[in-house]
Every structure is written in structure tokens, then in C-alpha cells.
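Laboratory data are not the source of any read-out in this text; all were calculated from the coordinates shown. Predicted model, so just to flag it, every value in this text is computed and none were measured. Cβ coordinates were reconstructed from backbone atoms using ideal geometry, including for glycine residues, and neighbour counts include every protein chain displayed.
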Amino acid sequence: MIHFDQVHGMALVVGAPRKSCRQYGVPVGGPMNALSFSRLNEALGNSNRMAGLEMTGRFRFSVHKPVQIMVGPAGARLTIDGKAAWAGRLLSLQRGQVVEVVPPTQGLWTQLAVRGGFDLPRLLGSSGTCLAGGFGGLNGRLIEQGDILEVADPTGNHEPVSNVAMPALEVRNNTITVLAAKGPEFDALFGDSTACGAQQEAWELSLHSNRMGYRFNGQGQYCHQLPNLPSYTCTPGLVQIPPDGNAIVLMADAQVTGGYPRAGFVLASEIWKVSLLSPGQHLRFEWVSSSNCSQYNEKAAMQWRRFATALAEQRSRQTK
Amino acid sequence: MSFKFELEIISDQIVQLRHLQNDHRQLVRVYRHFLSTELLVTHWDMQLTEGMISFVRPDGLVSQDVVSRLEDQIQPWLQELDWDQPPEVNEHEFEVHFGGQSGIDLARLAADCQLNENDWVHQFCSSGFEVAFNGFLPGFSYLTGLPARFHAPRLAQPRKFVPAGSLAIAAHYCAIYPTDSPGGWNLVGRVERRVFNAEQEPPSLMLPGDWVTFRPAS
């Protein structure tokens, strides 16, 4: 059980994305960095439905009952009783220990998974927080000072591994590049010349960003008069260009419907990279055709299976 | 009845079904029928919006092959649909506190129609509404059926706070805000009845195709 002594920033309980709920207007949800969080749960021997935390800011919590945690992404920074601890390492916390989390070296978000997951009810298939609906997680809201989170009994789960590689990203010239499928309005927005600016454009992450979407400054280059479209389905990863030309990349808590022109979609397996941007850094899109892009996600799925297999081998070596 | 449609790949996650005859009511019929089948059980997440049904695969494995298989699944279910059988939908009647502090834009909307507020309310309540689709917020249902003279554009600047239960109008839609939220719709009244509850199945009170009426609270 952990107790939040100090909360400076935004922290919330995250769990599995919600499936089959967009028809009710419920966002998919889940962590901003799904790859990091998935690896943490897998490493701890948790099911992928178990709830953890995601936070941006500075936080201090004290341990009231022993827990085992692991944090990500690779650049996560935390101390235990004042001593620096590492991302991707199994941290066994004892009663009375104090943990401080500060902003990571890369991006805004730190993920924290706990062995057994937080003991919270599942609503609509997940114990994660839906801020827009005011339900899920800890009473449908952000974590506040004084909050307590209980950990579910981990008995019967797989054994945790002692350490695991956390996803990191090389950032060159302050820019991250992601694969994105061209959307229905791509040509209307940018023209179909292969030399068009959209191919080279580096979009700067603005401070006006949140869990629903990251806003990017387009330097006025893509202002347009295109009308809004009939409400269409939104998914995390959708790249919208509103009339002011400042791109929005929808993230974990995105609304399920939208109307702005769609430049395209960051591929499902690439969205975690966007979460590693810091305001002022740049995002570049490497555009691919929408009809032939599943191969990249298949490759990522294969990489995940290799990761899970290697972890299982590591686990069996540990227990020998 | 032949339901002519087209399946289109929108992204790695989304396949879109467009009704070629562009009849939203028929689309809702098909959507409600699909909901009752096992179409969704494995990979797909289905969503109805304005004029289309989207099939979403969060794993991003949409490809031509996958689309062909989806089409093969859809065809028999479409054949099975009995167009003569009326759809099984629900009817909802809401009591509304119109105007004043409960609907701060009502006076302006009524004036724009050259009606006094009582006549505006009376005419509004004589209309029948239909749920077109859900979106924007959990439990936010877009209702069609608003007579043309009541249509009103969104506010130029959204308000930072619209209270939960607000009945609102924008363009040709009206809707009830399920939670406190920022919003740019015109507020005409307030309902007390809860329209979204995550602990219920389904969590949203109103589903596409349902009928909705309003009456003034006594």
C-alpha cells in the first residue's frame, strides 16, 4: 500500500485500454507510453490488465506495506530514501521507505507498475481512469495529496524478473520521427507532390498539450479553409490539421469522434514514441500508404513476442 | 431491400463502411443488427458516426486481406436482417427545466425565432428526436429531429464550464451533457436524469436509433 505525501503535477491510475466502448463515447484510454507500461507489467509477472500509475511532475509517496515496483521509460528518474534507483529494475520496497519521482530525462511521462496491480474495480473492462467520464481508476480523478492506493495480492502470478530493457529512443537534432499512414484529407491539405513540405516538416511540440492530444506548431504553413467533416471515428495516433494549421496528434484519452481534416495516422506501434517528446522538441512524420502499413505493426507484434519469450527464459533461469 | 455499401481502409486501425445510398436510418438499422451478432467478439471495435460505421482494430493490423475477410463476415449478417421487422429500440422521455439559469441561451434562441420562450418550449417539446450516434464524451448522444427553425450555430468561443445535465443545441443536433465539461453548444435547459453510468450495461442510456422526447418539468 502506498500513500501520496506530495503531488506536484498530474498523476493518475492507468490500466488496459478499453475495448468496445467507443460506441458509448468512452475513450480508449490506457497509458501514453503503452510500450513502456506493457513491458513493466510483463516484467513484474502481471497480467496486461493490471493497473499502475502514469505521472508527469514531482511526486513523493511512502510505503505502508511492502510492494514491488518497476518504473519506465528508460529515462525515468526516481529515488528511494534519497538514493537514485533505475528504470527497468525490480525495486522491492519495505514499509517506511519513501520514493520520489521527478520528471524523466526524455519526454514528460513516467510509468510505474506494481506487482499485483493496484486493487481497484474494473469498469467497462479496465481499472484505468477515464477523466472525461469521471469514472475508473481512483474515483475517476487525478491523484491528490493524501491518497492511498492498495495493491492486490500477487500470489499466483508469475515471478518478477530482476531487470528488463526499457524502450528508449534516439533523438537527433531534437527531433523524433514516426511512421504515419496518409489520411483521407492528406492530399487536400498538402497537395500530392512528393517534394511537398509535409514530407520534411518538423512540427514543434507546444505546451498546450495534454492526455487527449499533443498540439504542434506548424509555423502558419498549413493554415487552410477546408471545412469540418461529418463526425468521424478518432483513434489515438490520428493527426488532425485544424484551420490554424497547428497539428494535433490524438493520444490515449482522445475523444472518439472528431471533425478536423485528417492528415493521417501515426501507426499504432509508433504512438509510444510521440509520448517521449518534450515541449520544444520536434516531430517528423515519415508518411506511408494506408493500404500497406499493417506490416510495421506486425513487425512490432513480433518484437513483443520475442521480448516475452526472452523474459520467460530469464524468469526460468532465475528460479533455478 | 438491398443495402449497398463500400468498405474502405482509413488507417492501420480503421476500416470504414459507407452506405452508398447515404441513409442514416438504414445505417443505424444495420449497426444495431451488427451489435447483436458476434462480429465484434474477436478483433473489431465498432462505432457508428455521421454517415458511417467504423471497424477499429487497436492492434493496427488492417490490410486488404483483413478487409476481404470482414466483408465475407458482413454479407451473411446483412442477408439475415429482416427489414420488415421494426428495430428493437428504446424510447426515452426527459423532464426538462427550461430557460432561466438552467438554460441561459434559451432567451436568445427564442428571440432569434421571433417566439416567446413559452412558445419556443412548446414547439420544441412537440418534436420527436432520434439518437444519431454517441461521441465527444462518455454518454454524449447526438439527437436529430430538431426542426430547421430551431437550428443554431455553435458559440464562437466555447464556455469553460457547462453543467452536467444541460440540454443543448448546435447546428441541427441537440444533446444532453453527461458531465460537467467545457462546451460551445447553446444551453436551453437542464435534465436531472443521469445519461451515463459506467456501472451499468450498457453504460450509455441512449443508443443509436432510440427515440427521445422532452417535456417541461412541472
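Each Lys or Arg adds one and each Asp or Glu subtracts one; over the other residues with Cβ under 11 Å from the Cβ of B:Gly135, this totals 0. Result for chain A in a Gaussian network model with C-alpha springs under 10 Å: among A:Leu250, A:Leu149, A:Leu40, the largest mean-square fluctuation is at A:Leu149. Springs join every pair of Cα atoms under 10 Å in this Gaussian network model of chain A, and among A:Gly29, A:Gly140, A:Gly191 the largest mean-square fluctuation is at A:Gly191.
Shape of the stretch A:133-181 from its Cα gyration tensor (a ≥ b ≥ c, root eigenvalues): rounded if a/c is under 1.5, otherwise prolate when a/b > b/c, or oblate? Show your work: numbers first, answer last.
Numbers: a/c = 2.50, a/b = 1.41, b/c = 1.78.
In terms of gyration-tensor shape, oblate.
Reducing the stretch A:218-261 and the stretch B:1-38 to their Cα centroids gives an inter-centroid distance of 23 Å. Most simply put, chain A has about 90% antiparallel DSSP beta bridges, counting only bridges with both residues inside it. Assign one of three labels to chain A, namely rounded, prolate or oblate, based on the Cα gyration tensor with a ≥ b ≥ c the square roots of its eigenvalues; rounded applies when a/c is under 1.5, prolate when it is not and a/b is larger than b/c, and oblate otherwise. Because a/c hits 1.5 or more and a/b exceeds b/c, chain A counts as prolate.
Counting GluC sites (Glu not before Pro) as exposed when in a DSSP loop with at most 13 other beta carbons within 10 Å, what is the longest stretch of chain B free of them? That gives B:89-191 as the longest site-free run. Helical runs (DSSP H, four residues minimum) scored at -39500 (n - 2.57) apiece and divided by the length of chain B put the mean residue ellipticity at 222 nm at -6500 deg cm²/dmol. Of interest is the spacing of the C-alpha centroids, which for the stretch A:273-320 and the stretch A:101-128 amounts to 19 Å. Sorting B:Ile53, B:Ile9, A:Ile148 from the fewest to the most surrounding beta carbons within 10 angstrom yields A:Ile148, B:Ile9, B:Ile53.
Going from the residue with the fewest nearby Cβ atoms within 10 Å to the one with the most, A:Lys19, A:Lys65 rank A:Lys65, A:Lys19. 3J(HN,Hα) along the stretch A:100-115, derived from phi through the Karplus expression 6.51 cos²θ - 1.76 cosθ + 1.60 where θ = phi - 60°, amounts to 10, 10, 10, x, x, 6, 10, x, 9, 10, 10, 9, 10, 10, 10, 5 Hz, with x in place of Gly and Pro. Mean residue ellipticity, 222 nm, helices only, chain A: the sum of -39500 (n - 2.57) across DSSP H runs of n ≥ 4, divided by residue count and rounded to 500, is -4500 deg cm²/dmol.
Which of rounded, prolate, oblate describes chain B, given a ≥ b ≥ c as roots of the alpha-carbon gyration tensor eigenvalues and a/c under 1.5 marking rounded, otherwise prolate only if a/b is larger than b/c?
Numbers: a/c = 2.21, a/b = 1.95, b/c = 1.14.
Note, shape of chain B comes out prolate.
Expressed per residue, the C-alpha convex hull volume of the protein assembly as shown stands at 165 Å³. Net charge of the neighbourhood of A:Val101, taken over other residues with C-beta under 9 Å away and scored Lys/Arg +1, Asp/Glu -1, is +2. Between B:Thr37, B:Thr144, B:Thr49, the residue with the greatest mean-square fluctuation in the GNM of chain B (Cα pairs under 10 Å linked by springs) is B:Thr37. Taking amide hydrogens as placed 1.01 Å from N in the peptide plane, the amide H of B:Phe133 sits under 5 Å from those of B:Tyr142, each at least 5 positions away in sequence or on another chain.
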